[in-house]
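Mind having a look at this structure? Questions to follow.
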Amino acid sequence: MVDRAIATSGLRVIEPHPGVVAYYDGRIPGVRAYSGEPNWLDEGGFALGIASYAIVDGADALVYDTHLSVAHAEAVRRDLLARGVTRMRVVLSHWHLDHIAGNAAFADCEIIALGATAALMREHRQAIEAGSHAGLPAIRPLVLPTTELEGEHSMWVGRREVQLRPMDIHSRDGLVLHLPEDGLLLAGDTLEDSVTYVAEPDRLEQHLRDIDRLAALGAPRILPNHGDPGIIAGGGYGPGLVGATERYVRKLLRAVADEEFSRADLRSWLADDLAAGHVTWFEPYAEVHRNNVAAVRAR
């Protein structure tokens, strides 16, 4: 198996909120990071645009996801060191590869995840390291979490309270970060712009219940991992992103029984939310939508 170099030249460092740093890559027309052939890194992360985040207070930092590759994660670590950070911890939003690929760059740090995330990583470790789970690139070695959590937790990053809240949205092991004093939600993949990526079509009803829990947090600003870099740089999305996600999931459930509705294009599904500015149009999500509809109708 031949490992290719993974380009990080397009990595952008964005500060959407005081003490919160986004490390964003992708959504670059005509550019791929790994290969011209289909692969999870380009299709699943880079093409859609992806950020990992760091919450920083003085010498303390909490890294939220380790990005697309070890090279990306090493760039994150270098930036944090340049900011004077001497203590780094990692929280994983869920087990999907575009969020855990850089773990090896933080192998000497505490890596925190839900028990469900750690279990899924252990279950699929051999295939992920071989490049046969979701295809190339392989993640080798796959560094596992060192701390496993169950339920809700709070922790401190310097003087900042961070609440860790499990959410069964997109993936059953979702974990979001709520910063109540900052009015900020780091949403992982529980929310995306333009639409949620359906990874577990048999769990949409549970996803809806937890979308209600997400809305109940009342965070005025939201930073998803997959979103528009300009909106992220401007401070993030408003609460309308939560409602737009709920409406889209309900339409997916309607599409199960309504074949004519299922054939409608994504723009028509999102017309009201696009007009209201809750989400934006990004063409690659049209393909995500087609795959979502096919997966839900086949469940």
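The values are calculated or read from the model by the stated rules, or taken from the named source; none is laboratory data. Predicted model, so just to flag it, every value in this text is computed and none were measured. No Cβ is skipped: glycine too gets one built from the backbone with ideal geometry, and neighbour counts run over all protein chains shown. Ligands, DNA and RNA are excluded from the accessible area calculation, which covers all protein heavy atoms including side chains. Shrake-Rupley method; radii C 1.70, N 1.55, O 1.52, S 1.80 Å.
What percent antiparallel are the DSSP beta bridges of the chain, to the nearest 5?
The answer is about 65 percent antiparallel.
To the nearest 20 Debye, how big is the dipole of the chain about its Cα centre, given +1 on the beta carbon of each Lys and Arg and -1 on that of each Asp and Glu?
Approximately 200 debye in magnitude.
Test of understanding: in a Gaussian network model of the chain with alpha carbons linked when under 10 Å, which of SER154, SER194, SER93 would top the mean-square fluctuation ranking?
SER154
With +1 assigned to the C-beta of every Lys and Arg and -1 to the C-beta of every Asp and Glu, and no other charges, what is the dipole magnitude of the range 46-113 about the Cα centre in debye, to the nearest 20?
100 debye
Which is farthest toward the positive dipole end of the range 186-296 among ALA233, ALA219, ALA257, measuring Cα position about the Cα centre, with Cβ charges +1 (Lys, Arg) and -1 (Asp, Glu)?
ALA219
OK, next. Quote the convex hull volume per residue of the range 14-154, based on C-alpha atoms, as a whole number of Å³.
Here the figure is 106 Å³ per residue.
Something else: Once you order the gyration tensor axes a ≥ b ≥ c over the Cα atoms, which shape class does the range 98-165 get: rounded for a/c under 1.5, otherwise prolate or oblate by comparing a/b with b/c?
Prolate is the answer for the range 98-165, as a/c is 1.5 or above and a/b outweighs b/c.
Using a probe of 1.4 angstrom, how much of the accessible area of the range 34-125 is carbon and sulfur, in percent?
Ligands and nucleic acids excluded, carbon and sulfur reach 53 percent.
Taking the Cα centre of the range 148-299 as the origin, how large is its charge dipole in debye, to the nearest 20, when only Lys and Arg (+1) and Asp and Glu (-1) carry charge on their Cβ atoms?
So the magnitude is around 180 debye.
Moving on to the next point. Need one number: % antiparallel among DSSP beta bridges in the range 59-184, to the nearest 5.
50 percent
Quick one: among GLU150, GLU15, GLU43, which has the greatest mean-square fluctuation in a GNM of the chain with alpha-carbon springs under 10 angstrom?
Between GLU150, GLU15, GLU43, it is GLU150 that shows the largest mean-square fluctuation.
Compute the Cα gyration tensor for the range 134-260, then decide on rounded, prolate or oblate, letting a ≥ b ≥ c be the square roots of its eigenvalues: rounded whenever a/c is under 1.5, prolate when a/b is larger than b/c in the other cases, and oblate in all that remain.
In terms of gyration-tensor shape, oblate.
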